[in-house]
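The values are calculated or read from the model by the stated rules, or taken from the named source; none is laboratory data. None of these values were measured; they are calculated from a predicted model. Neighbour counts run over all protein chains shown; Cβ positions are idealised from the backbone, glycine included. The area values use the complete protein model at the heavy-atom level, side chains included, leaving out ligands, DNA and RNA. Shrake-Rupley method; radii C 1.70, N 1.55, O 1.52, S 1.80 Å.
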Amino acid sequence: MGHHTFDSSRADKLEQADRRYQFLSAEELLWALEPAATDTIVDLGSGTGFYTDVVAPHAGDVYAVDLQEEMHDYYRDKGIPENVDLVTTGVGDLPFEADAVDAAFSTMTYHEFASDDSLDEIRRVLTPGGRLVILDWAGTGSGEHGPPVDERYTADDAATALREHGFTIEHEAVRPETFLLVATLE
């Protein structure tokens, strides 16, 4: 299950605000993340930077992490905010010091990196009390949008995995096609 990676040749699709915001609005992401002007925040699976751009004006340093250099190329061509740095790596191998990140978020990418190694790595880089926001395609969804249903996780499965890695679930919402989890590191 999982590990579906979005086809970078379809990157333009990730910039369709009307489609993206029907699953997660800018306001909802900012509410869940609670960024502060001095926070260091990591976008896990940043793609074209669509949601990175939402968070950047509200944070200190922002790192756009993506496995595909082609996504970073697209983001460079689009224009990167001054406080955003691009990092090409997988979530299981983050190049940050321990306890160096105030918050992290993943929009529609949890199914791509969900593993014990990745969750251990997120835990390692987050500060105590740090926030993790995950919005992803729900395993209970119809599959009309996003990856095939058999490559998705349920909110319960994701919440259980987070708890097993030392997170407390602060908020959980299950929608027709997606789920939203807001967690803090214990």
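Note on residue 154 and residue 124: the model spin-label points, each 7 Å out from Cα along the C-beta direction, lie 3.1 nm apart. Converting phi to 3J(HN,Hα) with the Karplus coefficients 6.51, -1.76 and 1.60 and the offset θ = phi - 60°, the range 83-88 yields 8, 10, 10, 8, 10, 9 Hz in sequence order, with x at every glycine or proline.
Average accessible surface for the chain: 44 Å² per residue, computed with a 1.4 Å probe over protein heavy atoms with every protein chain in place. Against the set (1) 39, 38, 29; (2) 46, 40, 34; (3) 49, 37, 33, the structure's computed Cα extents along the principal axes in Å falls on (1).
Within the chain, what whole-number % of the accessible surface is contributed by carbon and sulfur, with the 1.4 Å probe and all protein chains included in the calculation?
Summing carbon and sulfur atoms, their accessible area is 46 percent of the total for the chain.
Segment residue 85..residue 164, full-extension length gain: 25.4 nm, with 0.36 nm per residue of separation and the alpha-carbon distance subtracted. In this rough spin-label picture, where each label sits 7 Å from Cα along the Cβ direction, the residue 30-residue 77 distance is 2.9 nm.
Using only side-chain charges placed at the Cβ, +1 for Lys and Arg and -1 for Asp and Glu, the dipole size of the range 36-186 relative to its Cα centre rounds to 360 debye.
Across the chain, C-alpha contacts under 8 Å between residues 6 or more apart give a mean separation that, scaled by the residue count, equals a relative contact order of 20 percent.
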